[in-house]
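Beneath this line is the structure, given in structure tokens, with notes to follow.
The values are calculated or read from the model by the stated rules, or taken from the named source; none is laboratory data. Note that the coordinates shown come from a computational prediction; the quantities given were computed from them, not determined experimentally. For neighbour counting, all protein chains shown are included, and Cβ atoms are generated from backbone atoms with ideal geometry for every residue, glycine included.
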Amino acid sequence: MTTPVSADVTGVVVARIRPRTAAAAAGLTRGDRVLAINGHRLRDAIDFQFHAGEPELELRVERDGTLLTLPLERRDADLGVELEPPRAGEIATCANKCVFCFIHQLPKGMRRSLYVKDDDFRLSFLHGNYITLTDLDEAAFERIIEQHLSPLYVSVHATDPQLRHTLLGRPRVSGEILPRLERLAKAGIRMHAQIVLCPGWNDGPQLERTVFDLAPLHPKVATTAIVPVGLTRHRERLPALRSLTADEAQALIATVEGWQHRWLAELGSRFVFPVTLVTGEMFGPRLRVLLAGTGLDRHGVRVAAVPNDFFGHAIGVAGLLTGQDVRRHLATQPELGRAVLVPAVAVRDVDGVFLDDLTAADLARDLGVGVRVVEPSPTALLRALGRV
Ligand code: SF4
């Protein structure tokens, strides 16, 4: 049955329907806007996931200006629907001016999406983006708790309220981080914390205070990543910052290893973790040399050179890696760290799907760690390392 579409449509747009799935059988097609499931209006992809768990679904769909009702019978866990990512205007952005913000350090003229300062709990849940919780309102807190949007990824940087607000470039804002983390932890939300380490600002006793303030929230604060600040040449009119020296980096690693031994005994976890970069076997050795040259290997950034079992081991390029090979190889690694970064050449541009239809979200779910797709350029890599 069809009826004319009304104004005020929201919903989510279908990017792709996988063949031989329940969504294909129901007649859902690319470009359809799903407005409601079983009478529940959809605000975004999270609402779609939240309401699509029933065995029998009635989808309210807008197609070419007309409203349709499509019954859908779920056959298995995978409905077969991939959704369009939110448009720039639909993403919550931050009002912060972090002293280390990598976006402020980008040169002009790059791709517009690189300049989006997202601070959106939905992207944190769906894609592992870090959020500050600075401007999270009561309705958002309630939604996170009601829909159990877990895990979330939180930029902490410092637990001292004044220092944190100085780092975030908002010295007069009053929202403290620890009560917010405690509220989410009490509601059963798991979180991964990160600290962008700025020498002379939040290192030394402040770093110790921060990680030891976070440790009692384990296991709800599951991990904490310490990420040395990344600085580009483009810091005109930005606060004075410097990188860690080699000696400071070595001292930091020794300090963190001491904490890890203690936490392993007390919490059953090392609590503070590094990052894993995925690549093919051909580029793996080169990437390790490049990391050693920048000192990032000493900061806990590791390379996973994935053998290509799908096409054969003669194929060593990252662009022909399948999701299942990446998943299998990473599952054998003793520790993946805080996050896994996958090169964008291994996935399709439009929707981030590997050659074998697995997605970064599938890997994140199966490996229990955040997985991000990163453009294969030094700038994009440094930016991603600054944000995981
Ligand atoms: S680092 Fe993140 S939270 Fe801070 S200003 Fe940049 S985008 Fe906003």
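Any residue in the stretch 144-155 that is among the aromatic types (F, W, Y), within 16 Å of the ligand (Cβ to nearest atom) and closer than 21 Å to L244 by Cβ?
No; the residues of the stretch 144-155 include none that is among the aromatic types (F, W, Y), within 16 Å of the ligand (Cβ to nearest atom) and closer than 21 Å to L244 by Cβ.
Quick one: count up the residues across the stretch 276-326 that are of a type in the set (A, V, I, L, M) and more than 26 Å from V353 (Cα to Cα).
5
Any idea which residue in the stretch 356-376 is farthest from P343 (Cα to Cα), counting only those that are among the β-branched types (V, I, T) and assigned to a strand (DSSP E or B)?
T359
In the set A314, A292, A305, which member is more than 21 Å from the chain's Cα centre (by Cα) and modelled with pLDDT of 90 or more?
The match here is A305.
Take the residues in the stretch 222-248 that are of a type in the set (A, V, I, L, M) and touching a strand residue (DSSP E or B) at 6+ places or on another chain (Cβ under 7 Å), then tell me which one is nearest to E208 (Cα to Cα).
The residue in question is I226.
What is the one condition in (1) over 30 Å from Y115 (Cα atoms); (2) buried (at least 17 other Cβ atoms within 10 Å of the Cβ) that T210 does not satisfy?
It is condition (1) that T210 fails.
What pairs come out if I take residues in the stretch 237-260 that are closer than 16 Å to A292 by Cβ and pair them with residues that are of a type in the set (D, E, K, R) and in a loop (DSSP other than H, G, I, E, B) whose C-beta lies under 9 Å away, six or more apart or interchain?
L244/D203
May I ask you to list the residues in the stretch 224-242 that are of a type in the set (S, T, N, Q) and modelled with pLDDT of 85 or more?
Passing the criteria: only T224.
Take the residues in the stretch 171-189 that are surrounded by fewer than 16 Cβ atoms within 10 Å (Cβ to Cβ) and assigned to a helix (DSSP H, G or I); name whichever of them is farthest from the ligand (Cβ to nearest atom).
Top of the filtered list is K186.
Give just the number: which of (1) within 21 Å of the chain's Cα centre (by Cα); (2) in contact (Cβ under 8 Å) with a residue 60 or more places away in the chain does W201 not satisfy?
Just one mismatch for W201, condition (1).
With the checklist (1) of a type outside the set (D, E); (2) within 28 Å of L83 (Cβ to Cβ); (3) touching a strand residue (DSSP E or B) at 6+ places or on another chain (Cβ under 7 Å); (4) touching a residue at least 40 places away in the same chain (Cβ under 8 Å) in hand, flag the one item V347 doesn't pass.
For V347, the exception is condition (4).
So, in the stretch 156-170, of the ones that are touching a residue at least 60 places away in the same chain (Cβ under 8 Å) and of a type outside the set (A, V, I, L, M), which residue ends up nearest to the ligand (Cβ to nearest atom)?
G169
Quick one: count up the residues across the stretch 107-153 that are free of Cβ contacts under 8 Å to residues at least 12 places away in the same chain and under 16 Å from the mean Cα position of the chain (by Cα).
Total satisfying the criteria: 0.
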